Amino acid sequence: MEILHYPVLHESVLEYLALSTDEEATLIDCTTGEGGHSNLFLSRYPKLHVIGIDRDKGIQKKAIERLSVYPGRFTPVNSWFNDYLKGAESGSADRILFDLGISTYHYEESDRGFSFRKDEPLDMRLNTESTLTAAYIVNNYSEEELADIIYRYGEERYSRRIARAFAERRKQKPITTSLDAEDIIFHAVPKEYRHGRISPATRTFQALRIEVNSELDRIKPALLEAIRVLKKGGRIGVITFHSLEDRIVKWTFKDEAAKEDASIRIITKKPVLPSEEEERENPPSRSAKLRVVEKI
């Protein structure tokens, strides 16, 4: 079954990043995924060109195929967004969009262990050419390093218990699959914690994924470069899905807007949240937040 990523907060994104239908413009979609947001913009704005960035070649193939109905208007770039923006021309983009969530593709089709509900290799790489995997982390990082990562990137209160359980299990045999990891986490936490609102593995898997892909380290440098790359009057929209991401985005924009020679103003004083209808139709959108700034 072909699974397409549902573009989160699509109505709000189109509203806050609206363009003129009569003028040529450039949108940099920094996290193209399967091309959901890019498709919305290309279908609405006939003179728009989209530069679509994604480090995952597998999901990028899906976007290229999906957006082939807009010949000459979509340029795919296989890169991390912070690396691309660093080399992009100043004042070259009218709109820049970041959707920092992980696509449905990664959970359902990638076969890389992003989901703890499937028996897959414990990989979690967005860039399959990278050497660091989640399996390497749980089998080779020290117990203290593991605990720190799980606490820092997963905000997991039982991080030390989970790290200790990983350290004990790997003495017996290597931890190689997503279900191996999920089982270790499940039995490491207190019984009353095992059947809560979210799976006890959720936070640890998030932490491992962030560490594998250096996700948080890329955000602030990318936002600062995005401001430079943006034209005056242009806008940046950023969709986040957890507090760690949102905190970086919020304070990067606040700090830049507060400077004496500020180059941006904040459009969304509070983050835009999904409607109740969108939450019902697309449950993963529940934690989404959209922040928008404009270059002045």
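The values are calculated or read from the model by the stated rules, or taken from the named source; none is laboratory data. As the structure is a computational prediction, the values presented were derived from the model and not from experiment. Quick reminder, even Gly has a Cβ in these numbers, built from the backbone with ideal geometry, and neighbours come from all protein chains shown. Surface areas here come from the heavy atoms of the whole protein model, side chains and all, with no ligands, DNA or RNA. Shrake-Rupley method; radii C 1.70, N 1.55, O 1.52, S 1.80 Å.
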**OP:** Give the residues of region 257-272 that are more than 15 Å from Gly234 (Cα to Cα), out of contact with any Ser or Thr (no Cβ under 9 Å at 6 or more places or on another chain) and of a type outside the set (Lys, Arg), sorted by residue number.
**Re:** Ala258, Glu260, Asp261
**OP:** May I ask you to say which residue of Asp83, Asp94 is in contact with a Leu (Cβ under 8 Å, 6 or more places away or on another chain), within 20 Å of Thr32 (Cα to Cα) and surrounded by 14 or more Cβ atoms within 10 Å (Cβ to Cβ)?
**Re:** Asp94
Original post:
So which residues in region 79-124 are closer than 30 Å to Lys231 by Cα, under 15 Å from the mean Cα position of the chain (by Cα) and either β-branched (Val, Ile, Thr) or assigned to a loop (DSSP other than H, G, I, E, B) (or both), if there are any at all?
Top reply: Ser79, Trp80, Ile96, Leu100, Gly101, Ile102, Ser103
**OP:** For Thr104, indicate whether it is open to solvent by 30 Å² or more (accessible area, probe 1.4 Å), at pLDDT 95 or above and not hydrophobic (A, V, I, L, M, F, W, C).
**Re:** no
Original post:
How about region 29-50: which of its residues are among the polar types (S, T, N, Q) and under 15 Å from the mean Cα position of the chain (by Cα)?
Top reply: Thr31, Thr32
Original post:
Gly58 versus (1) open to solvent by less than 40 Å² (accessible area, probe 1.4 Å); (2) more than 22 Å from Leu290 (Cβ to Cβ); (3) in contact with a Pro (Cβ under 9 Å, 6 or more places away or on another chain); (4) outside any loop (DSSP other than H, G, I, E, B): which is the lone unmet condition?
Top reply: (3)
Original post:
What about Asp261, is it modelled with pLDDT of 95 or more and farther than 21 Å from Asp99 by Cβ?
Top reply: yes
